[in-house]
Amino acid sequence: MAYERVSTARQGRSGLGLEAQRKAIDDYASGQGALILSRFTEVESGRKNDRPELEKALHLAR
């Protein structure tokens, strides 16, 4: 599974931060021979503890 986050709506709309994260995640998974079955994306400040997509990713991981 993959979890990616940007901290501002502007970063999320631009796709630049997410695009770089997706490439890094995809490259790593490919190098490990792994398949990404789920992807969780969040546009949320790192200062906030309420991150629903992170909770979903952690729940699936468990």
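Placing dummy labels 7 Å off each Cα toward the beta-carbon, the span from residue 19 to residue 41 is 1.2 nm.
How would you rank 52-60, 30-38, highest first, on the average number of other Cβ atoms within 10 Å across their residues? Before the final figure, lay out the partial values.
Working: 52-60: 13.4, 30-38: 9.4.
Order by mean packing, descending: 52-60, 30-38.
Just so you know, all these numbers are worked out from the coordinates, no wet-lab data involved. Since the model is a prediction, treat every value here as computed from it, not as a measurement. Note: ideal-geometry Cβ built from the backbone for every residue, glycine included; neighbour counts use all protein chains shown.
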